[in-house]
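The values are calculated or read from the model by the stated rules, or taken from the named source; none is laboratory data. The structure presented is a predicted model; accordingly, all values stated were derived computationally and were not measured. As a convention, Cβ positions derive from the backbone with ideal geometry for all residues, glycine included, and neighbour counts pool all protein chains shown. Remember, those area values only see protein heavy atoms, side chains included, never the ligands or the DNA or RNA. Shrake-Rupley method; radii C 1.70, N 1.55, O 1.52, S 1.80 Å.
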Amino acid sequence: MKSFTLFQAKTAGVLAIFCLTATQVFAQQYYVAPSGDDANSGLSIGQEKKTIQAAITTAPAGATINVASGTYAGGINVSKTLTIRGANAGVSGSSTRSTETIIDGGATADGIIAGANDVVIDGFTIQNGGGNVYGGVGVGFGTVTGVKVLNNIITNNVIGVAQCPANTLIKGNKFDGNNKPGAAGGAGIYTDVATNGLVIESNEFINNTQNNPVIFAATAANMHQNLTFTKNYIHDNPVVASSVYCVAIAGGVFTQNVIIKPGTAAIRLGGACTNITILNNTLDNNDYGVRIIDDGYGFGSNSNVTIQQNSIASFAQKAIDNNEAFSVNATCNWYGTPTPANTVVGGNVTFLPALSAGTDAAPATIGFQPQAACGSTPVVDTFTASGDLSAGACTVQLIARGQGIRYVVNSPNGYIYSNVFRANGQNTVTFPAVKAPGAYTLTIYGDGGASTTNTVTVNGTGCQ
């Protein structure tokens with residue numbers, strides 16, 4: 001509730017009452033409806049404008065334009081700082097919604113263009129973008145900053161959202177089947193202009209059949225800085241392409257996304273991507289979970305990529321495929337087994353220790369939050385034989401010291417001599433009464449399934 005204080009003072013015999021309000025300022029409200037008239041003021045229900053563009057022209061900067069359900073022509077240019085709200089403002093594009101407020105480009109015009117700083121576009125269906133001004137986009141941008149694209153259904157455009165500028169927030173939208181032909185057509189989001197602080201959060205991408213659902217393209221190195229791509233759901237995009245295709249990202253976090261589809265890669269770093277963190281994602285049912293490769297744009301190689309605490313449990317080729325020279329830290333992921341073989345990765349990738357289980361600690365939360373701890377890296381410090389099996393010597397002992405939770409010794413004749421569990425950490429274990437000469441192999445396992453081995457030889461001819 002807005003507060004106020006009354007002061008009373010008598011000045012020249014007149015009782016003056018002053019109301020001092022808090023600094024809260026309410027935005028001026030304008031209204032648009034299909035039954036409206038652009039000759040109306042647009043300032044009240046019953047005096048609505050008929051077109052969104054007329055309301056934009058009339059409203060002062062900082063105002064809010066409320067657009068009733070119905071269908072409105074596209075080709076809208078928001079030339080001043082305004083908040084434009086459809087009937088489903090505040091309701092995610094993937095949720096159950098009321099009757100839509102539709103912006104329709106009619107295949108000859110773009111949907112809506114944010115041509116001023118700090119524009120908010122919230123709660124519309126934006127469809128059928130076409131024409132040559134911005135290439136048939138649902139939502140496009142001028143050279144601006146601070147725009148928010150929230151809670152829209154963006155469908156059947158050449159590109160859903162294109163050319164995201166600095167400090168843009170794209171949140172709560174559903175990108176559904178933006179497959180019309182055109183330059184970079186088939187992408188839900190496409191940008192090859194410089195971005196800094198771009199946040200793409202809690203969107204759904206579905207039915208994009210002609211191109212990558214999300215494309216961070218570039219015309220130079222370091223094109224996209226301080227990128228956050230989080231809590232997005234990308235699925236059922238039946239195309240032989242990567243779900244998220246990245247070039248020239250300098251500082252990017254991909255976290256808590258679910259990317260599942262039969263395709264080439266969930267995330268592809270195609271060159272000049274550096275300081276990238278891929279964390280707490282579910283990246284299943286792709287050829288590759290993450291693929292790192294210089295696709296030849298000439299902006300430089302990829303570097304400094306960390307991939308941890310993800311579920312990459314099913315894949316056709318590799319969970320992680322690194323085609324660059326640098327080493328990728330991909331420890332503490334779930335690869336569908338607590339004992340993954342080295343075939344789960346390609347190239348220079350450190351993938352052990354792995355997670356010991358694939359249980360999600362927060363299944364109602366998008367992404368993957370592992371319940372299991374990451375396994376420790378097993379280490380063999382020493383493995384020695386105390387004595388030999390010469391004449392009269394029948395009590396040779398094997399002594400192992402190392403870090404791990406399970407110690408397994410195989411004897412020369414194949415017998416599993418012992419399978420000893422210890423607390424994780426440095427343990428000394430003695431295996432007594434060795435009887436046969438030859439090579440004994442010790443394997444120490446960490447709690448993530450990784451293992452390391454060492455061998456000791458017991459000399460002599462046997463117990464005599």
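Regarding Thr108, is this residue open to solvent by 60 Å² or more (accessible area, probe 1.4 Å), touching a Gly at 6+ places or on another chain (Cβ under 9 Å) and in a loop (DSSP other than H, G, I, E, B)? For Thr108, the condition - open to solvent by 60 Å² or more (accessible area, probe 1.4 Å), touching a Gly at 6+ places or on another chain (Cβ under 9 Å) and in a loop (DSSP other than H, G, I, E, B) - is met.
Filtering segment 189-205 to residues that are within 26 Å of Val91 (Cα to Cα), open to solvent by 10 Å² or more (accessible area, probe 1.4 Å), without any contact (Cβ under 8 Å) to a residue 60 or more places away in the chain and in a strand (DSSP E or B) leaves Tyr190, Val199, Glu201.
Taking segment 42-104 as the region of interest, the strands (runs of 3 or more DSSP E) fully inside it that hold 1 or more residues being at pLDDT 95 or above and either basic (Lys, Arg) or open to solvent by 50 Å² or more (accessible area, probe 1.4 Å) (or both) are 70-73, 76-78, 83-85. Tallying residues that are of a type outside the set (A, V, I, L, M), in a loop (DSSP other than H, G, I, E, B) and open to solvent by less than 30 Å² (accessible area, probe 1.4 Å) within segment 136-148 yields 3.
Those residues that are open to solvent by 10 Å² or more (accessible area, probe 1.4 Å) and not polar (S, T, N, Q), I need them from segment 166-181; list them, please. Selection gives Ala166, Leu169, Lys171, Lys174, Asp176, Gly177, Lys180, Pro181. Only one entry of Ala433, Ala423, Ala439 meets the criterion of being modelled with pLDDT of 85 or more, surrounded by fewer than 12 Cβ atoms within 10 Å (Cβ to Cβ) and out of contact with any helix residue (DSSP H, G or I) (no Cβ under 6 Å at 6 or more places or on another chain), and that entry is Ala439. If you check Asn208 against the conditions, is it modelled with pLDDT of 95 or more and either of a type in the set (D, E, K, R) or in a loop (DSSP other than H, G, I, E, B) (or both)? No. For the residues Gly271, Gly252, Gly300, Gly289, the requirement of being open to solvent by less than 40 Å² (accessible area, probe 1.4 Å), in a strand (DSSP E or B), touching a residue at least 24 places away in the same chain (Cβ under 8 Å) and farther than 12 Å from Ser242 by Cβ singles out Gly252. In summary, Gly336 fulfils each of the numbered conditions (1) farther than 30 Å from Ala217 by Cα; (2) in contact with a strand residue (DSSP E or B) (Cβ under 8 Å, 6 or more places away or on another chain); (3) open to solvent by less than 50 Å² (accessible area, probe 1.4 Å) with the single exception of condition (2). Given the structure, is Ile170 in contact with a strand residue (DSSP E or B) (Cβ under 8 Å, 6 or more places away or on another chain), touching a residue at least 60 places away in the same chain (Cβ under 8 Å) and either under 23 Å from Asp122 (Cα atoms) or outside any strand (DSSP E or B) (or both)? Taking the combined requirement at face value, the residue does not satisfy it.
In segment 337-345 there is no residue matching the filter, namely being out of contact with any Lys or Arg (no Cβ under 7 Å at 6 or more places or on another chain), modelled with pLDDT of 95 or more and assigned to a loop (DSSP other than H, G, I, E, B). Every listed requirement among (1) open to solvent by less than 20 Å² (accessible area, probe 1.4 Å); (2) closer than 16 Å to Asn178 by Cβ is met by Phe229 save one, (2). Within segment 179-188, identify whether any single residue is in a strand (DSSP E or B), among the charged types (D, E, K, R) and under 17 Å from Gly111 (Cβ atoms), and answer yes or no. Checking segment 179-188: not a single residue is in a strand (DSSP E or B), among the charged types (D, E, K, R) and under 17 Å from Gly111 (Cβ atoms). Within segment 378-411, the set of residues being surrounded by 16 or more Cβ atoms within 10 Å (Cβ to Cβ) and outside any strand (DSSP E or B) comprises Pro378, Gly404, Ile405, Ser411. The set of residues from segment 113-130 being free of Cβ contacts under 8 Å to residues at least 40 places away in the same chain and either assigned to a loop (DSSP other than H, G, I, E, B) or not small (Gly, Ala, Ser) (or both) comprises Ile113, Gly115, Asn117, Asp118, Val120, Asp122, Gly123, Thr125, Gln127.
Please tell me if Lys180 is free of Cβ contacts under 8 Å to residues at least 40 places away in the same chain, on the phi < 0 side of the Ramachandran plot and of a type in the set (Lys, Arg). So Lys180 does not fit the description; no. The condition (being buried (at least 17 other Cβ atoms within 10 Å of the Cβ), farther than 30 Å from Ala436 by Cα and touching an Asp or Glu at 6+ places or on another chain (Cβ under 9 Å)) is satisfied by just one residue among Gly346, Gly358: Gly346.
If only residues of segment 306-336 that are hydroxyl-bearing (Ser, Thr, Tyr) and not in a strand (DSSP E or B) are counted, the one that is nearest to Ala250 (Cα to Cα) is Ser327. Here Ala184 meets the list (1) open to solvent by 10 Å² or more (accessible area, probe 1.4 Å); (2) within 18 Å of the chain's Cα centre (by Cα); (3) aliphatic (A, V, I, L, M) almost entirely, failing just condition (2). Scanning segment 24-40 for residues that are open to solvent by 50 Å² or more (accessible area, probe 1.4 Å) and either of a type in the set (Phe, Trp, Tyr) or within 26 Å of Asp118 (Cα to Cα) (or both) turns up Gln24, Val25, Phe26, Gln28, Gln29, Tyr31, Asp38.
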